[in-house]
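Before any comments, here is the structure.
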Amino acid sequence: MVRSMIAGVAGLKAHQSKMDVIGNNIANVNTWGFKGYAYNFKDSMYTNTFNSSGGDVTAGAYGGRNASQVGYGSQVSSISNVFETGAPAPSSRPMDCMIDGTGFFLVGPMVNGSFTDIKSSGLSLSRVGIFSVDENGYLVDDQRSYVYGYALVDGTGIPETPATGASLTMRGVKPTITKGQNTGDPNTITIAGVTVETTYDENDMVKAVEDWVDKALTNAAFDGYTIEYNGFTQVTTDDTTTPPTTESRPSFTIKANGTGEATTEGVNDIMELFQGNNAPVGFEVRDQVDGKDYIAGIPAEFSEELSTIRIPIDPTTGQRYQLENYSISEDGTVIGVDEQKRVIALGQVALISVQNPNGLEKTDGYYYTIGDNAGEVTDVKPSTGPTGRILGGKLEMANVDLANEFSNIITTQRGFQANSKIITVTDEMLQELVSMKR
């Protein structure tokens, strides 16, 4: 009589636990990368009313008998993750990505150097690819964990150096205006050793310089170069007076029409013409850019060991590349675009293959730790096996099937009601038993 009460209570507890699992699944229906849980029952321990016995075929003996057992209700058998890939959801962030396959991302705190033993690294696994680049140039997720993969091999991944032309800007150029000696003779303006006629004198210097620019560009001395007039600037010519003596002098920018290192020498030669034999007080050169020859790039190669992924160093400047836009390709290659519109590879994101995914243990957020029953855990490069490929610009939705969860709610509720009915009926029977004494 009492055992039915125990069975009913056990059933209530088991169905309440299943309702907890269903509630958690539904609560995470919009959680990126969430994997639904499946709740499984098992019947509880049994007592034997009669033990089983074997039959005896000798004269006067009896046959066999099966065991007669009474159970004590139900309890949890297992709560397991369902690791089916969720549907892709488009994202407006190009660094967001998802795994189209069975693999996991490897994330966690900083591990100095490279390594191959994932289990002893203390890192976590994740299915959520909300990535970005932090202030130090490292690839991280939205939980501030570093993302691990394969770094560039030293000396590779260097983009091409496009050929460029030299240029520089000069301030404080001193022009010379000469008036015509005779009536009707034109005035002239001389800059950089080139003299042109102008109808304007020193009282209208701006127009005189504009006339010089219009006519001087046809001079053979400037063939292959462009000269831009940048207006006048105030130049201090004597700082011993109070206030200091200043003059308005024109500013010019010289640009080579061609490219290559040879244009640097040509631009400097023209600059010396503007400077003259004796540089006037206040003359200065600004924003000087040397010409460069074309240098072919070196394709990216990635290490076979795991490490953090970081913006590489530009060998020409010794500083990390200044990248503007980022993206992740199907094979996990993380690339950025620099100011010169060159594609720079940062590294390749690794995918982790787990022999028994249900051996992983869930922790805070959307991380998994590697449990003792996870089996073999290895790193794999994306698009090379069943671990899958990486889809950029997408995030993985939860794999919760709401229709299935709602049907589970109904069956669980009915099971809970049935077990509560067992308790109610058992209580009524006990009450009848107690009433028999009266």
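The values are calculated or read from the model by the stated rules, or taken from the named source; none is laboratory data. None of these values were measured; they are calculated from a predicted model. Here the Cβ positions follow ideal geometry from the backbone for every residue, glycine too, while neighbour counts run over all protein chains shown. For the accessible areas, the whole protein counts, side chains as well, though only heavy atoms, and no ligand, DNA or RNA atoms are used. Shrake-Rupley method; radii C 1.70, N 1.55, O 1.52, S 1.80 Å.
Cross-link partners of LYS381 among aspartates and glutamates, defined as those whose alpha carbon lies under 16 angstrom from its own and excluding same-chain residues fewer than eight positions apart: ASP100, ASP117, GLU301, GLU304, GLU305, GLU330, ASP331. Simple point charges give the picture: +1 on the Cβ of Lys and Arg, -1 on the Cβ of Asp and Glu, and for the chain a dipole about the Cα centre of about 3240 debye. Across segment 79-212, the relative contact order, built from alpha-carbon pairs under 8 Å that are at least six residues apart, equals 14 percent. For the chain, the longest principal axis of the Cα atoms and the long axis of helix 205-216 meet at an angle of about 80 degrees. Our estimate of slack between LYS179 and ASN136, defined as 0.36 nm per intervening residue step minus the Cα-Cα distance, is 9.2 nm.
Run the accessible area of segment 88-131 with a 1.4 Å probe and give the carbon-and-sulfur part as a rounded percent. Of the solvent-accessible surface of segment 88-131, carbon and sulfur hold 54 percent.
Partner lysines whose Cα lies under 30 Å from the Cα of LYS42, excluding those fewer than 8 positions away in the same chain, are identified as LYS13, LYS18, LYS362, LYS421. Paramagnetic label reach from PHE232 (point 7 Å along Cα→Cβ; backbone nitrogen cut-off under 13 Å): within segment 181-222, residues 201-210. Based on alpha-carbon centroids, what's the gap between segment 31-103 and segment 119-184 in Å, whole number please? Cα centres, segment 31-103 to segment 119-184: 56 Å.
Based on C-alpha pairs under 8 angstrom that are at least 6 apart in sequence, segment 136-227 has a relative contact order of 13 percent.
Taking every alpha-carbon pair under 8 Å whose residues sit at least 6 apart, segment 279-349 reaches a relative contact order of 23 percent. Accessible area per residue for the chain is 55 Å², calculated with a 1.4 Å probe on protein heavy atoms, without ligands, DNA or RNA. In the chain, the longest principal axis of the Cα atoms and the axis of helix 402-435 are about 30 degrees apart.
Among the protein heavy atoms of segment 261-389, carbon and sulfur supply 45% of the accessible surface, probe 1.4 Å, non-protein parts ignored. Taking the chain as a Gaussian network of alpha-carbon nodes connected by springs under 10 Å, the highest mean-square fluctuation of the residues LYS179, LYS381, LYS362 belongs to LYS179. Peptide packing: for 421-429, 73-81, the average count of neighbouring Cβ atoms within 10 Å per residue gives the ranking 73-81, 421-429, highest mean first. Helix-only arithmetic for the chain: the sum of -39500 (n - 2.57) across DSSP H runs with n ≥ 4, divided by the residue total, places the mean residue ellipticity at 222 nm at -7000 deg cm²/dmol. Checked against a 21 Å cut-off, the cross-linked pairs LYS215/LYS255; LYS179/LYS255; LYS292/LYS341 give Cα-Cα distances beyond that limit for LYS179/LYS255.
Between 0 and 90 degrees, the angle of helix 2-27 with respect to the longest Cα principal axis of the chain falls at about 10 degrees. Put simply, when 6-12, 242-248, 17-23 are sorted by average Cβ atoms within 10 angstrom per residue, most first, you get 6-12, 17-23, 242-248.
Peptides 164-171, 294-301, 279-286 ranked from most to least packed by the mean count of surrounding Cβ atoms within 10 Å: 164-171, 279-286, 294-301.
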